[in-house]
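**Q** Please read through the structure below; I'll follow up with questions.
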Amino acid sequence: MSKILLINKFYYPRGGDCTAMLMMEKLLIEQGHDVAVFASRYTLNLHSEWADYFPSEIDFSAPGLKNKLRAVTRLFYSREVKRRFSRLLDDFKPDIVHVHNIHSYLSPYVVKIAASRGIKVIWTLHDYKLICPSYSCLRDGKPCEACFSRKWNVVRHTCMKSDMKASVLAYLEARVWNRKVLEKYTHTFISPSRFLQSKMVSAGFLSSKIEVLHNFFPDTLPVAADTDKSDYYCYVGRLSSEKGIDLLLEVAEKLPYPLKVIGSGERLEEYKARYEGKPMVFLGQQSHEATLEIVRKARFSVLPSICYENNPLSIIESLCMGTPVLGADTGGIPELITEGINGFLFQPGNREMLEKQIGHCYRTFSGAFNFQRISDTARQAFSSRCYYDQLMRIYEINQ
């Protein structure tokens, strides 16, 4: 079996990218591969035998000129990252380096180091950072592709955190780690959705360098779909504006249907106070097992994103648990939903349509959906076995 080094800026289930990397680590180990991990140090990180190789934590909000300079230089080059990563390569001697989310905290410099040693680098894309310096392809709450052709637009419109300094840094980062450089050092990019692949190509990336491979659902997690649904619907994800959470809550407070909200964010306490007494409950961050149980019993889950979603794990998990999904018709979401079979779509940002579809799903779900069929179909499509076989083909490893 092969020796595979996984890289991600965090080593705990912070978001979809981190969860996907952790599930990949577990799958590769179960299949007999020797797996190492490289990440930045962070107080919430899970235990890892490789933690001694992790470079120190970076805090972009920390005061002081020294801290600011240290954080900024990490975007482009870090002597500490180079030293620790090179030592890990020396000690572990990987056959494959598989990169996930690395910008800012580790930077693509690790890709350059690995490729310069002749190691094959595979890069799974969890967002739009390589073609949009501010990650989201959003400007003023609407989809934007201006940076696909000219990265200076991130400065022109101060897209990065609505801050000029942050936007200039994002621009410089995009110029240093540009398309030609990234394609030179990366053997294959993995896109979890056809939508992201199409956007990468429209921004100039070679289609021959990009493979589509959807995320997967671990076979070891609960199997049975719940045909006796409880009296609520649910949202799972970050409590941030690009996810459409504000629109969902504004619509939900006027409806009589109970909503369970799972996820965290800076505005969690604000939401709790604002919507106290309304037909909704904010459960905060939950364990993976607890989240799946809540999703399994829900009448349906909803993902009202206004951004270009990639391949949302929340939808895959909902379908695998036999729970239909009401999703915004944007990004990779329509690739996962067959209307009337496993869910419905609505126009992103359309308040009236979202309200109508929530009511429709809530009132007619029992007669409209075959929950067991939803689960069986999704588990087959997103099985770890199917994912693993395709991953080995991309790695070009004979099994």
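**Q** For region 138-148, enumerate the residues that are at pLDDT 95 or above and either of a type in the set (Gly, Ala, Ser) or at positive phi (or both).
**A** ALA146
**Q** Filter region 168-183 down to the residues that are in the same structural domain as HIS100 (by TED's automatic domain parsing) and among the acidic types (Asp, Glu) and list them by number.
**A** GLU183, the sole residue that qualifies.
**Q** Ok, one more. Out of region 58-90, which residues are over 24 Å from CYS132 (Cα atoms), in contact with a helix residue (DSSP H, G or I) (Cβ under 8 Å, 6 or more places away or on another chain) and assigned to a helix (DSSP H, G or I)? So that I can check it myself, show each step before the final result.
**A** Taking region 58-90 as the starting set, the residues that turn out to be over 24 Å from CYS132 (Cα atoms) are 62-67, 79-90.
Cutting the leftovers down to in contact with a helix residue (DSSP H, G or I) (Cβ under 8 Å, 6 or more places away or on another chain) gives us 62, 81-82, 84-89.
VAL81, LYS82, ARG84, PHE85, SER86, ARG87, LEU88, LEU89 - these are the residues of region 58-90 that are over 24 Å from CYS132 (Cα atoms), in contact with a helix residue (DSSP H, G or I) (Cβ under 8 Å, 6 or more places away or on another chain) and assigned to a helix (DSSP H, G or I).
**Q** Has region 184-201 got at least one residue that is surrounded by fewer than 16 Cβ atoms within 10 Å (Cβ to Cβ) and either under 20 Å from GLY118 (Cα atoms) or not assigned by TED's automatic domain parsing to the domain that holds ALA20 (or both)?
**A** yes
**Q** Consider only pairs whose beta carbons are under 9 Å apart and that are at least six residues apart or on different chains; among these, list those whose first residue lies in region 119-148 and is free of Cβ contacts under 8 Å to residues at least 60 places away in the same chain and under 16 Å from PHE205 (Cα atoms) and whose second residue is in a loop (DSSP other than H, G, I, E, B) and among the aliphatic types (A, V, I, L, M).
**A** CYS132/ALA203; PRO133/MET160; GLU145/ILE131; GLU145/ALA203; CYS147/ILE131; CYS147/ALA203; PHE148/ILE131; PHE148/ALA203
**Q** Could you check region 187-217 and list, in sequence order, the residues that are touching a His at 6+ places or on another chain (Cβ under 6 Å) and on the phi > 0 side of the Ramachandran plot? If you could, list the steps in order and put the result at the bottom.
**A** So the first thing to find is which residues in region 187-217 are touching a His at 6+ places or on another chain (Cβ under 6 Å), and the list is 192.
Scanning region 187-217 gives no hits.
**Q** Can you name the condition, by its number, that PHE92 falls short on among (1) under 25 Å from ARG175 (Cα atoms); (2) touching a Lys or Arg at 6+ places or on another chain (Cβ under 9 Å)?
**A** Only one criterion in (1) under 25 Å from ARG175 (Cα atoms); (2) touching a Lys or Arg at 6+ places or on another chain (Cβ under 9 Å) is unmet by PHE92, namely (1).
**Q** Report every pair of residues separated by at least 6 positions or lying on different chains whose Cβ atoms are under 7 Å apart, first residue within region 372-399 and more than 17 Å from HIS98 (Cα to Cα), second surrounded by 16 or more Cβ atoms within 10 Å (Cβ to Cβ) and small (Gly, Ala, Ser).
**A** GLN372/ALA225; GLN372/GLY322; ILE374/ALA225; ILE374/GLY322; SER375/ALA225; SER375/GLY322
**Q** Looking only at region 240-271, count every residue that is of a type in the set (A, V, I, L, M, F, W, C) and closer than 15 Å to GLU355 by Cβ and tell me the total. It would help to see each step written out before you state the result.
**A** So the first thing to find is which residues in region 240-271 are of a type in the set (A, V, I, L, M, F, W, C), and the list is 245, 247-249, 251-252, 255, 259, 261-262, 268.
Cutting the leftovers down to closer than 15 Å to GLU355 by Cβ gives us 247-249, 251-252, 255, 259.
Total satisfying the criteria: 7.
**Q** Go through region 142-159 residue by residue and tally those that are in contact with a helix residue (DSSP H, G or I) (Cβ under 7 Å, 6 or more places away or on another chain) and either of a type in the set (Lys, Arg) or closer than 23 Å to GLY331 by Cβ (or both). Give the derivation first.
**A** Within region 142-159, the first condition is being in contact with a helix residue (DSSP H, G or I) (Cβ under 7 Å, 6 or more places away or on another chain), and the residues that meet it are 146-148, 151-155, 158-159.
With the extra rule that they be either of a type in the set (Lys, Arg) or closer than 23 Å to GLY331 by Cβ (or both), the set shrinks to 146-148, 151, 153-154, 159.
So the count comes out to 7.
**Q** β-branched (Val, Ile, Thr) and crowded, with 20+ Cβ neighbours inside 10 Å, is that true of VAL72? Spell out the reasoning first.
**A** Numbers: β-branched (Val, Ile, Thr): yes; crowded, with 20+ Cβ neighbours inside 10 Å: no.
No: the conditions fail for VAL72.
**Q** Can you go through SER78, SER40, SER149 and tell me which one is under 20 Å from the mean Cα position of the chain (by Cα) and outside the structural domain of GLY349 (by TED's automatic domain parsing)?
**A** Values: SER78 fails: under 20 Å from the mean Cα position of the chain (by Cα); SER149 fails: under 20 Å from the mean Cα position of the chain (by Cα).
None of the other options fit; the residue is SER40.
**Q** Among LEU44, LEU22, LEU6, which is the only one that is assigned to a strand (DSSP E or B) and of a type outside the set (Val, Ile, Thr)? First the steps, then the outcome.
**A** Values: LEU44 fails: assigned to a strand (DSSP E or B); LEU22 fails: assigned to a strand (DSSP E or B).
Only one candidate qualifies: LEU6.
**Q** Please tell me if TYR105 is hydroxyl-bearing (Ser, Thr, Tyr), assigned by TED's automatic domain parsing to the domain that holds MET200 and not in a strand (DSSP E or B).
**A** Judged against the criteria, TYR105 is a match.
**Q** Right, here's the next one. With respect to ALA203, is the statement that it is small (Gly, Ala, Ser) and touching a strand residue (DSSP E or B) at 6+ places or on another chain (Cβ under 8 Å) true? Steps first, please.
**A** Details: small (Gly, Ala, Ser): yes; touching a strand residue (DSSP E or B) at 6+ places or on another chain (Cβ under 8 Å): no.
For ALA203, the condition - small (Gly, Ala, Ser) and touching a strand residue (DSSP E or B) at 6+ places or on another chain (Cβ under 8 Å) - is not met.
**Q** Looking for whichever is in the same structural domain as PRO108 (by TED's automatic domain parsing) and out of contact with any Leu (no Cβ under 6 Å at 6 or more places or on another chain) here; the options are LYS165, LYS209, LYS161, LYS142. Which one fits?
**A** Numbers: LYS165 fails: in the same structural domain as PRO108 (by TED's automatic domain parsing); LYS161 fails: in the same structural domain as PRO108 (by TED's automatic domain parsing); LYS142 fails: in the same structural domain as PRO108 (by TED's automatic domain parsing).
Among LYS165, LYS209, LYS161, LYS142, only LYS209 is in the same structural domain as PRO108 (by TED's automatic domain parsing) and out of contact with any Leu (no Cβ under 6 Å at 6 or more places or on another chain).
**Q** Right, PHE60: modelled with pLDDT of 95 or more and aromatic (Phe, Trp, Tyr) or not? Write out each step before concluding.
**A** Details: modelled with pLDDT of 95 or more: no; aromatic (Phe, Trp, Tyr): yes.
The answer is no for PHE60.
**Q** When you scan region 3-47, how many residues do you find that are farther than 25 Å from SER240 by Cβ and surrounded by fewer than 16 Cβ atoms within 10 Å (Cβ to Cβ)?
**A** Initially, region 3-47 is screened for residues farther than 25 Å from SER240 by Cβ, giving 3-6, 25-38, 47.
Pick out the ones that are also surrounded by fewer than 16 Cβ atoms within 10 Å (Cβ to Cβ) and you get 3, 26, 29-30, 32, 34, 47.
Of the residues in region 3-47, 7 are farther than 25 Å from SER240 by Cβ and surrounded by fewer than 16 Cβ atoms within 10 Å (Cβ to Cβ).
**Q** Quick one: in region 75-116, which of the residues that are polar (S, T, N, Q) and buried (at least 18 other Cβ atoms within 10 Å of the Cβ) is nearest to GLU49 (Cα to Cα)?
**A** ASN101
The values are calculated or read from the model by the stated rules, or taken from the named source; none is laboratory data. Worth saying up front: this structure is predicted, and the values here are computed from it rather than measured. Cβ sites come from the backbone with ideal geometry, for glycine too, and all protein chains shown count toward neighbours.
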